[in-house]
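The values are calculated or read from the model by the stated rules, or taken from the named source; none is laboratory data. Nothing here was measured: the structure is a model prediction, and the numbers come from that model. Ideal geometry is used to build each Cβ from the backbone, glycine not excepted, and the neighbour counts take in all protein chains shown.
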Ligand SMILES: Cc1cc2nc3c(=O)[nH]c(=O)nc-3n(C[C@H](O)[C@H](O)[C@H](O)COP(=O)(O)OP(=O)(O)OC[C@H]3O[C@@H](n4cnc5c(N)ncnc54)[C@H](O)[C@@H]3O)c2cc1C
């Protein structure tokens, strides 16, 4: 691999995670961040356990769990704050060994990612360095970087560029990609609060389903709370902000310290082109979603989890450049599905019309008529990736399991207990059911290891999928699944069944 670094533009959570994931695969990374210091403002407060797989691969899942707390559920309230429905979430470990959802304070996540980047060899972070121009060339891209303190511009060669530079992405503009709207913009006022004395509220998310004043209130972590409300057409944020104490009073938060109030325009958008040669978009640069299902950052983390191994394979020459085409092909349909779900859930919870009327009719109506709300509130699984060169959604087992995430279940190897991820290695791996509770794992190029399926979660998962074996990609997504009765025929595991090896 050449010494020319991959340049990650943007030291937001997606860019920093991308840097860690690439460095763990031996790739030299230079992160450019135009601000002299981290953004530091609270935005995301929820992350699901699937997206946490990306942070685990980046080596920071334990740090994340220390700054987060399990999501406790969702309560739907009417305009007078009477409970219409409640969906509880267990704090117990789900399929991936962690709570299905975690609340957190985004600046805490950014701090821990920055600390991890600082101690990881192979990553350089240049703060106060803004990407201002970019030209693709045969070897990657030639960049122009502005040092914001001195005002000097300097050239920089990049083996590849990851545009993780957020909603107003410069990289997106420079490669001529454009955002496409999936829905109308929606203006909200967001207030971050602190209260030294714990507020007397239910620990989950409160969603006020009042089309005249949709609002959200939730405890975040520690002494932090978040309140958000939709601005009416023509309403000035200052007007609503002036009424904050009265609006917070029903939650017992009238006396809380208001740390920050900001107006946000939530957009539902997806970029039309995510790749131009070795210049690729990820995170908010590639898609924006209203936060109703807390997925904006989660989508970005999935982007870079699924991209880092592909880019590393291309840079080491073990895969063809065409592998990078699968980035948009795989991620865009998934992102679109999640943005649409966020729009739907937002409309059902906070809009007028039939869905909202159903919500207001009571608990049974909610559970029966609004399955999308119930599903997202109680289950963190997101749609499988679509069929493609790296996802063989064929056959009975393939249609059930390919494109989904392998559960991060506990296994035992000899007398050592660990999550199954630790036995899979960093490449493609095959997992085969030997007998109930006994599996064989074969990492790419390595010997087969027999493991005990502690608790039987993997056995049950394979059986539900009617599969006897699966080939798992480096991002732990199932590439192909083979029927249990096909196991009698020996196959070449490394080849998988999903097209070109990567
Ligand atoms: C109120 C609110 C609530 C939200 N709630 C949730 C939630 O609960 N769950 C969830 O998953 N998501 C949520 N989100 C979305 C989440 O915050 C974003 O998706 C996430 O921050 C995107 O991360 P990113 O790294 O892609 O972009 P950013 O965090 O925007 O980082 C981009 C970085 O790039 C830098 N940059 C930009 N241009 C350049 C340049 N030319 N050169 C160098 N550097 C540059 C910027 O300074 C910035 O540091 C919420 C958002 C808001 C506003």
- prompt: Restricting attention to the stretch 348-386, which residues are at pLDDT 85 or above and either assigned to a helix (DSSP H, G or I) or buried (at least 16 other Cβ atoms within 10 Å of the Cβ) (or both)?
  reply: 382, 384, 385
query: Among 122, 59, 79, which is the only one that is under 23 Å from residue 206 (Cβ atoms), more than 16 Å from the ligand (Cβ to nearest atom) and either in the same structural domain as residue 177 (by TED's automatic domain parsing) or out of contact with any strand residue (DSSP E or B) (no Cβ under 6 Å at 6 or more places or on another chain) (or both)?
result: 79
query: Which of the residues belonging to the stretch 234-249 are within 31 Å of the chain's Cα centre (by Cα) and without any contact (Cβ under 8 Å) to a residue 24 or more places away in the chain?
result: none
task: Please identify the pairs in which a residue from the stretch 281-301 that is under 23 Å from residue 218 (Cα atoms) has its Cβ atom under 6 Å from the Cβ atom of a residue that is near the ligand (Cβ under 7 Å from one of its atoms) and assigned to a strand (DSSP E or B), counting only partners at least 6 apart or on another chain.
output: 294/46; 298/47
- request: Go through the residues of the stretch 335-347 one by one and say whether even a single one is free of Cβ contacts under 8 Å to residues at least 12 places away in the same chain and over 30 Å from residue 3 (Cβ atoms).
  value: yes
Qualifying residues in the stretch 208-230 (those that are modelled with pLDDT of 95 or more and assigned to a loop (DSSP other than H, G, I, E, B)) - the one farthest from residue 108 (Cα to Cα): 223
message: Looking at residue 8 and the list (1) away from the ligand (no atom under 14 Å from the Cβ); (2) modelled with pLDDT of 95 or more, which single condition is not satisfied?
response: (1)
- prompt: Scanning for something surrounded by fewer than 22 Cβ atoms within 10 Å (Cβ to Cβ), under 18 Å from residue 221 (Cβ atoms) and either at pLDDT below 95 or in the same structural domain as residue 312 (by TED's automatic domain parsing) (or both), does the stretch 90-100 turn up at least one residue?
  reply: yes
- prompt: If you scan the stretch 126-155, which residues turn out to be within 11 Å of the ligand (Cβ to nearest atom) and part of a strand (DSSP E or B)?
  reply: 126, 127, 129, 130, 131, 132, 133, 134, 143, 144, 145, 146
- line: Residues of the stretch 259-287 being out of contact with any helix residue (DSSP H, G or I) (no Cβ under 7 Å at 6 or more places or on another chain) and within 11 Å of the ligand (Cβ to nearest atom), in sequence order, are 260, 262, 264, 265, 267
query: Looking at (1) modelled with pLDDT of 95 or more; (2) away from the ligand (no atom under 12 Å from the Cβ); (3) out of contact with any strand residue (DSSP E or B) (no Cβ under 7 Å at 6 or more places or on another chain), which is the only condition residue 181 fails?
result: (3)
message: Going residue by residue through the stretch 55-65, is there one that turns out to be within 17 Å of residue 309 (Cβ to Cβ), in a loop (DSSP other than H, G, I, E, B) and in contact with a helix residue (DSSP H, G or I) (Cβ under 9 Å, 6 or more places away or on another chain)?
response: yes
message: Residue under question is residue 166, and the condition is that it be within 24 Å of the chain's Cα centre (by Cα), within 15 Å of the ligand (Cβ to nearest atom), touching a residue at least 40 places away in the same chain (Cβ under 8 Å) and not in a strand (DSSP E or B); does it hold?
response: yes
Test: residue in the stretch 303-326 that is over 26 Å from residue 134 (Cα atoms), crowded, with 22+ Cβ neighbours inside 10 Å, assigned by TED's automatic domain parsing to the domain that holds residue 28 and within 16 Å of the ligand (Cβ to nearest atom): no
